[in-house]
1. What are the residues in the range 392-441 that are more than 19 Å from G293 (Cα to Cα), among the β-branched types (V, I, T) and in a loop (DSSP other than H, G, I, E, B), if any?
2. With the checklist (1) over 15 Å from the mean Cα position of the chain (by Cα); (2) not in a helix (DSSP H, G or I) in hand, flag the one item S219 doesn't pass.
3. Let me spell it out: the conditions are (1) open to solvent by less than 60 Å² (accessible area, probe 1.4 Å); (2) more than 22 Å from T453 (Cα to Cα); (3) of a type in the set (A, V, I, L, M, F, W, C), and M391 meets all of them except one. Which number is the exception?
4. Mind listing whichever residues of the range 128-146 are open to solvent by 100 Å² or more (accessible area, probe 1.4 Å) and of a type outside the set (A, V, I, L, M)?
5. Scan the range 327-362 for residues that are open to solvent by 50 Å² or more (accessible area, probe 1.4 Å), part of a helix (DSSP H, G or I) and touching a strand residue (DSSP E or B) at 6+ places or on another chain (Cβ under 7 Å) and jot them down.
6. Kindly provide the set of residues from the range 298-308 that are of a type outside the set (S, T, N, Q) and either open to solvent by less than 10 Å² (accessible area, probe 1.4 Å) or within 23 Å of R270 (Cβ to Cβ) (or both), ordered by number.
7. Please verify whether the range 228-236 includes one or more residues that are of a type in the set (G, A, S) and modelled with pLDDT of 95 or more.
8. Regarding the range 239-247, can at least one residue be identified that is under 15 Å from N196 (Cα atoms) and either open to solvent by less than 30 Å² (accessible area, probe 1.4 Å) or in a loop (DSSP other than H, G, I, E, B) (or both)?
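The values are calculated or read from the model by the stated rules, or taken from the named source; none is laboratory data. Remember, predicted model here, so these are calculated numbers, not experimental data. Reconstructed Cβ throughout: ideal geometry from the backbone, glycine too, with neighbour counts over all protein chains shown. Surface accessibility is based on the protein's heavy atoms, side chains included, excluding ligands, DNA and RNA. Shrake-Rupley method; radii C 1.70, N 1.55, O 1.52, S 1.80 Å.
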Amino acid sequence: MKIPKFLSDLWDEPSPFQNREARNQKQHNWEVLRVFAKSVGNFLAVAVNSVNEAVKNADDRMTDIEDSFNNQISGSTNLDEVIAGRKPKGKSAYKTIGLRMDDMVTIDGSFVDIDESMDVGGQLSDNIKSQLDEFALSLPREGFKVLVITDSHYEDLYKSGNYQYPYAKDALQHLAAVDYLSRYVDVVIAGGDNTNGLDGDLSHNVADQSLYCARLLQSASDTDKFMLLGNHDDGSTGMRLGKIVPNDIIKDDEFKKLFRTKKSLYGEKRDNGSLYFYKDYPDAKIRLIGLNGLDIPESVINDDGTVKYTRYLDYSYGQKQIDWLAHTALDNIPTDYQIIVTTHIPLVYGFTPSPETIWANGNLVEGLLNAVATGSSFTGKSEDNIPNELMAIVTADYSNQGSRKIVGLWAGHVHIERITKLNNFTQCLFINDCNTNQDYVGTINALGLTVATVDTANSKVILNGVGRATDREYDY
């Protein structure tokens, strides 16, 4: 629509003014102005109608969008819903909805989808974040980096009489710090005793373990994160309060669900979803091996119905795991690769363990690692004092493979930092993350985290500690 023109229709004022020509001129001009005003009114009316129509169309479109969205929620099988359903917030889309559902936490057969933006442990303070940033800037620029957190002993202490680590509830916030630092490393290892398992209440222990696992594994970070089993995790620590029967402890199959082992979340190789694994990192030429040092036979029961072996006191690598280690994890290692082995229980303590503790088949692990390091053969069996149910034997030959450098065997359990040179490799122990000092609560010293940087070119490991963990290094 065009606005009417009127200026060209107006007549010039005549002279002299008081005559017929003057009256005709003024009458004509007033008529032109009236016609123009009417035209403008009509134009504005049409414009308002057009705007109202556009608004109505927009409202109708929004209604269509809302209806489409509601249809998706209420069960539409439209393709858009399928695409949206594969995409969790803050994370890359899964290939299928089924894979996303398989990756959810399950409780009593029901699915619980954990919002990855949820910070279970609470927000980190700006002061702690600043100190973590300074720590990250201090790390070596090059090298393969592993963040180790071990012996957190998380416990939601709702029973006042069973305090062992009174500040262990803060462990979930420690995992917020782990997640914050994970962007600077290649791998995160939770080295066992993730929870404390003291009070003998299975449902409580499962709840604690579920929270810890979800907080570590289901975060926005896409860094590889692996969990190892510790001697406290299954709840057999509760034997300190009385005898333990099978229904008092978390079983291997349940740990496989909690640790997400059957899905191999990061492309690691497992023995049919086992709690032990290995993964190759071709760019760094590193093979990372995670072992289960609490590999006991759960089905062996005493005459009174109690379990014969407990993870709390009986440490073992079973025959199946020893065979896998010898003939899968340590075999066919590519040329120039170097090996990191992580586990919870050390091969050597540096002190005498409790006389009631059984330590089975660590000698076989040590013998296999020595053989790989030297490119030689090894034949061994369990030590003479090991019970029959824990006995194992192994024979392996790595002479065709040739020698492979062992970066180290890394462990926790004893809550100390210690570097021990063994025959052909180094054992490195990491401090407990669980804080025992009230003065440290809310400060960086409540943490006990270490980033290990592997310099493969110079056969050196540089250990940088956060909080109570110290800076160390060793050559291998």
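1. Result: T436, V441.
2. For S219, the failing item is (1).
3. It is condition (1) that M391 fails.
4. First, pick out the residues of the range 128-146 that are open to solvent by 100 Å² or more (accessible area, probe 1.4 Å): 134, 137, 141-142.
Selection gives E134, R141, E142.
5. Once the filter is applied, which keeps residues that are open to solvent by 50 Å² or more (accessible area, probe 1.4 Å), part of a helix (DSSP H, G or I) and touching a strand residue (DSSP E or B) at 6+ places or on another chain (Cβ under 7 Å), the range 327-362 yields only H327.
6. Residues of the range 298-308 that are of a type outside the set (S, T, N, Q), as a first pass: 298, 300-301, 303-305, 307-308.
Residue satisfying the conditions is E298 alone.
7. Quick first cut of the range 228-236, residues of a type in the set (G, A, S) only: 230, 235-236.
Applying the additional criterion that residues be modelled with pLDDT of 95 or more yields 230.
Within the range 228-236, one or more residues are of a type in the set (G, A, S) and modelled with pLDDT of 95 or more.
8. The initial filter retains those residues of the range 239-247 that are under 15 Å from N196 (Cα atoms), namely 239-241.
After this cut, where a residue has to be either open to solvent by less than 30 Å² (accessible area, probe 1.4 Å) or in a loop (DSSP other than H, G, I, E, B) (or both) as well, the list is none.
The answer is no, given that none of the residues of the range 239-247 is under 15 Å from N196 (Cα atoms) and either open to solvent by less than 30 Å² (accessible area, probe 1.4 Å) or in a loop (DSSP other than H, G, I, E, B) (or both).
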